[in-house]
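Enquirer: Dumping the structure here so I can ask a few things about it.
The values are calculated or read from the model by the stated rules, or taken from the named source; none is laboratory data. Keep in mind that this is a model prediction, so the values were computed, not measured. Note: ideal-geometry Cβ built from the backbone for every residue, glycine included; neighbour counts use all protein chains shown. Just the protein is used for accessible areas: all its heavy atoms, side chains included, with ligands, DNA and RNA removed. Shrake-Rupley method; radii C 1.70, N 1.55, O 1.52, S 1.80 Å.
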Amino acid sequence: MKSRMAAALMAAVLVVYFVLVGWRAVQFVLTGQPLAVVIGIALIVLPLVGVWALWREIAFGVTSERLVKRLDAEGALPVEDLDVRPSGRPDRAAATEDFARYQAETEAAPEDWRSWFRLGLAYDAAGDRRRARSAIRHSISLERAERRRPPDAADAAAR
């Protein structure tokens, strides 16, 4: 809950920043001077890119949280029984040993969003955030495809 509040606060601050930069950009464009117009256009593009990036991060967080709740309801969420450092993060050596199990599970079922999500959690525990986010993004896309699939196709795929 604490991290959600921090993210909401940062998003609000970022939105205020985007509005202020956007307003300054409009002022530059309205001067009519060629250099100011170019600067204004650049300042308009930057907040748009920022809004897009902010939206993607919020959507990633919300979707990831939804999938965690779904895995937890199914009893498929991995139990964290790893040794932890004083910071509370898992010990990398123990996490790396545990990682092999989730990697093998994903290789055995490459179309299962659950295995990819657990692999992402294992990457995160091992300290590889880039691969963790990539695996979780892949998990999200597989889960979306599963939800969009007609019920009879999902039954056939399960067989």
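Condition check ((1) modelled with pLDDT under 95; (2) surrounded by 15 or more Cβ atoms within 10 Å (Cβ to Cβ); (3) in contact with a Cys (Cβ under 9 Å, 6 or more places away or on another chain)) across all residues:
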position	(1), (2), (3)
28	no, yes, no
33	no, no, no
47	yes, yes, no
50	yes, yes, no
58	yes, no, no
61	yes, no, no
93	yes, no, no
116	no, yes, no
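Enquirer: Being within 30 Å of residue 112 (Cβ to Cβ) and either charged (D, E, K, R) or without any contact (Cβ under 8 Å) to a residue 12 or more places away in the chain (or both) is the filter here; which residues of the range 78-93 pass it?
Expert: Passing the criteria: 79, 80, 81, 83, 84, 88, 89, 91, 92, 93.
Enquirer: Going by the conditions given, is residue 85 over 30 Å from residue 142 (Cα atoms) and open to solvent by 70 Å² or more (accessible area, probe 1.4 Å)?
Expert: Criteria met by residue 85.
Enquirer: Of all residues in the range 63-82, how many are among the β-branched types (Val, Ile, Thr) and either touching a Ser or Thr at 6+ places or on another chain (Cβ under 8 Å) or open to solvent by 40 Å² or more (accessible area, probe 1.4 Å) (or both)?
Expert: Result for the range 63-82: 2.
Enquirer: Follow-up. So residue 107 passes all but one of these: (1) at pLDDT 95 or above; (2) farther than 18 Å from residue 142 by Cα; (3) of a type in the set (D, E, K, R). Which condition number does it fail?
Expert: Failed condition: (2).
Enquirer: Hey, another quick one. Just one of (1) among the polar types (S, T, N, Q); (2) open to solvent by less than 40 Å² (accessible area, probe 1.4 Å); (3) closer than 24 Å to residue 57 by Cβ trips up residue 141, so point out which.
Expert: For residue 141, the failing item is (2).
Enquirer: A further question follows. Give all pairs with beta carbons closer than 7 Å in which a residue from the range 6-26 that is modelled with pLDDT under 90 meets a residue that is surrounded by 14 or more Cβ atoms within 10 Å (Cβ to Cβ) and not in a helix (DSSP H, G or I); count only pairs at least 6 apart in sequence or on separate chains.
Expert: From residues that are modelled with pLDDT under 90, there are no pairs.
Enquirer: Quick one: which residue in 153, 125, 157 is modelled with pLDDT under 90, surrounded by 15 or more Cβ atoms within 10 Å (Cβ to Cβ) and not acidic (Asp, Glu)?
Expert: After ruling out the rest, the residue left standing is 125.
Enquirer: Another one. Residues of the range 39-70 being over 20 Å from the mean Cα position of the chain (by Cα) and either closer than 22 Å to residue 127 by Cα or assigned to a loop (DSSP other than H, G, I, E, B) (or both), which ones?
Expert: Matches in the range 39-70: none.
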